[in-house]
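Everything below concerns the one structure shown next.
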2 protein chains.
Amino acid sequence: MIMDRLYNEALKSPVCVGLDTKIDFLPQYLKDKDWSTGEKITAFNKKIVDATADIAACYKMQIACYEALGLDGMKAYSETVKYVRKNGKIAIGDAKRGDITSTATQYAKGHFEGDFEVDILTVNAYMGEDAVSPYFPYIENNEKGLFVLLHTSNPSSRDFQELKLEEDGQKLYEAVGDKITEWGRPFIGESGYSAVGAVVGLTFPEEFEALQDQCPSTFFLVPGYGAQGGTGKDIANIFKKSRCAVINSSRGLITAHQKAETPCETEGFEALIREKTLAMKEDILKWL
Amino acid sequence: MIMDRLYNEALKSPVCVGLDTKIDFLPQYLKDKDWSTGEKITAFNKKIVDATADIAACYKMQIACYEALGLDGMKAYSETVKYVRKNGKIAIGDAKRGDITSTATQYAKGHFEGDFEVDILTVNAYMGEDAVSPYFPYIENNEKGLFVLLHTSNPSSRDFQELKLEEDGQKLYEAVGDKITEWGRPFIGESGYSAVGAVVGLTFPEEFEALQDQCPSTFFLVPGYGAQGGTGKDIANIFKKSRCAVINSSRGLITAHQKAETPCETEGFEALIREKTLAMKEDILKWL
């Protein structure tokens, strides 16, 4: 089961490398190649996978970065997810798709089969169960999984997610948490975690711990390290209760060669990204 | 301004033709061509645009149907949206994207520029204003628009959208309606409607009328005709108060050649789709 696999990977390293790649992030020697933008980005991503596969739990591809480049970008997305999986690593498609049943069925086909096949897809459940259940056959038959948006850490997450509900005083995101638990119940693996996971930001560590109690069989994708706020110590505190998450960092890792004391714009740049990935892993695990 | 353009088109015909095309929908002679699936779908879509451009307000492409086919499908999506716009018609990308600011900026680039450029994009605001505001520069400078998910008509829309809020007893979707009104205020055109519109289903006509009062400057995309429930009379009742919407039908129109008394699997199939589109237009307008 995919979430068992991810849980076991995360015990070794909780780091999810975010390949939310933009052309600006590439070292000059790749920018200078006589290739399309998508081809350059693919080459960059492959170098990163090669350099970090043994110290990363998984890779998350933010599909928006690829859609922004049109067809050439979608080809790069396809090549990247294929390369991650070919290397035996777990590929998370960060697509946050959400639509009614007949449409979600098409998204499931698009992201769990064919050119864009990933192991786990992020989805948005504003439309309720209909936006999630069409993926269940792929969970049952094809070792796939979901991360449903639960509580995000962006400033305007309060616009709706934090509104209090009349019936029981829960916040909206807590009601979403209950539904995620319910949807995931038939898909709990040996690790105790369900194939229906959740995306939760780390801006509010106390709230994260409350969700950990509320949703004990939910595995989390946490986009909270580095740029979005959370520290290694925050994460370790959560892990003392349960090893319930992978922690994503995108820009913080994949621009390490640009932000190093001695930036590297040539071949071998990926050594600096490996170094930063290792540092992130240790920054979390040293507190445990 | 795009929503003024759409409003004026909708006065003539409120019909939005949904090109949510699947290979099954094609007449046999197109299925038999020695082309890729995406190429066959593109040819089908172009025939439909040719046959209906003078009697449709706009075209809505459900991008999931194209993502389901991988890169070949995305090429068909690109060709289709380009063809719609080249014919002077309004293209709505039904993508329901929703993410934090930096990511939504990438989606805005992807769907308002380049290969996938449309005039209006559907978006999901579960993450709040951050998921919507990155599109505003394109509204201001590039004549673009949005339809934000408000109240959908699928069975599980009640899971979250209809939860009552503690503060004021509003339902969640009504709170979303207030935000859409607020976000749209700077972008109101001559028609009185804002470039920030909303997606509202027609399953509950009384609730639709209440939203019409609550959001008087919001133009609606209504996926409610035919398959999803609403009738021409329901819609006409709404239009008596204001001509605030385009009404989408997808399968109901683009499979007309298959469902006709004498099905057509050969060239000229599109005449039956035109006939059905005209019938839909008249089914709504005859009540006014």
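Every number in this text was worked out from the coordinates using simple rules, so none of it is lab data. Model, not experiment: these values are computed from the prediction. Heads up, the Cβs are rebuilt from the backbone with ideal geometry, glycines too, and the neighbour counts pull from every protein chain shown.
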**Of all residues in the stretch B:83-115 being within 10 Å of another protein chain (Cβ to nearest Cβ) and under 18 Å from B:VAL17 (Cα atoms), the one that is nearest to the chain's Cα centre (by Cα)** = B:ASP94
**Asked** Only one of A:GLU67, A:GLU79 is buried (at least 24 other Cβ atoms within 10 Å of the Cβ), of a type in the set (Asp, Glu) and within 14 Å of another protein chain (Cβ to nearest Cβ); which?
**Response** A:GLU67
**Request:** State yes or no: is B:TYR59 over 19 Å from A:TYR107 (Cβ atoms), of a type in the set (Ser, Thr, Tyr), crowded, with 24+ Cβ neighbours inside 10 Å and more than 11 Å from every other protein chain (Cβ to nearest Cβ)?
**Result:** yes
**Prompt:** Does at least one position in the stretch B:173-182 carry a residue that is closer than 23 Å to B:ASP4 by Cα, among the small types (Gly, Ala, Ser), in contact with a strand residue (DSSP E or B) (Cβ under 7 Å, 6 or more places away or on another chain) and more than 12 Å from chain A (Cβ to nearest Cβ)?
**Reply:** no
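Looking at B:LEU121, B:LEU165, B:LEU149, can you tell me which residue is under 18 Å from the mean Cα position of the chain (by Cα), at negative phi and within 8 Å of chain A (Cβ to nearest Cβ)?
Details: B:LEU121 fails: within 8 Å of chain A (Cβ to nearest Cβ); B:LEU165 fails: under 18 Å from the mean Cα position of the chain (by Cα).
Matching residue, one of B:LEU121, B:LEU165, B:LEU149: B:LEU149.
So how many residues does the stretch A:37-52 have that are under 19 Å from A:ASP94 (Cα atoms) and of a type in the set (A, V, I, L, M)?
Residues of the stretch A:37-52 under 19 Å from A:ASP94 (Cα atoms): A:38, A:41-42, A:44-46, A:48-49.
Among the residues that remain, those that are also of a type in the set (A, V, I, L, M) are: A:41, A:48-49.
Residues flagged as under 19 Å from A:ASP94 (Cα atoms) and of a type in the set (A, V, I, L, M) within the stretch A:37-52 amount to 3.
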**Message:** Which condition from (1) surrounded by fewer than 24 Cβ atoms within 10 Å (Cβ to Cβ); (2) within 14 Å of chain A (Cβ to nearest Cβ); (3) under 30 Å from B:ILE2 (Cβ atoms) is the one that B:VAL49 breaks?
**Reply:** (2)
**Message:** Let me spell it out: the conditions are (1) closer than 25 Å to A:VAL81 by Cα; (2) assigned to a helix (DSSP H, G or I); (3) of a type in the set (A, V, I, L, M), and A:ALA175 meets all of them except one. Which number is the exception?
**Reply:** (1)
**Fill in**
Taking the stretch B:124-146 and keeping only residues that are within 12 Å of chain A (Cβ to nearest Cβ) and either small (Gly, Ala, Ser) or in a helix (DSSP H, G or I) (or both), one is left with B:ALA125, B:GLY128, B:GLU129, B:ASP130, B:ALA131, B:SER133, B:PRO134
**Asked** What pairs can you find where one residue is in the stretch B:260-288 and touching a residue at least 40 places away in the same chain (Cβ under 8 Å), the other is in a loop (DSSP other than H, G, I, E, B), and their Cβ atoms are less than 6 Å apart, with a gap of 6+ or different chains?
**Response** B:GLU265/B:PRO27; B:PHE269/B:PRO27; B:LYS281/B:SER13; B:ILE284/B:PRO14
**Item:** All positions within the stretch B:99-130 that are of a type in the set (Gly, Ala, Ser) and closer than 20 Å to A:LEU69 by Cβ
**Value:** B:SER102, B:ALA104, B:ALA108, B:GLY110, B:GLY114
**Asked** Do the conditions hold for B:ASP94, that is, is it buried (at least 24 other Cβ atoms within 10 Å of the Cβ) and more than 20 Å from B:GLN258 (Cβ to Cβ)?
**Response** yes
**Item:** the stretch B:178-217: number of residues that are touching a residue at least 60 places away in the same chain (Cβ under 8 Å) and in a helix (DSSP H, G or I)
**Value:** 2
**Asked** Taking interchain pairs and intrachain pairs at least six residues apart, which have beta carbon atoms under 6 angstrom, with the first residue in the stretch A:29-48 and more than 15 Å from A:PHE269 (Cα to Cα) and the second outside any helix (DSSP H, G or I)?
**Response** A:THR37/A:LEU69; A:GLY38/A:LEU69
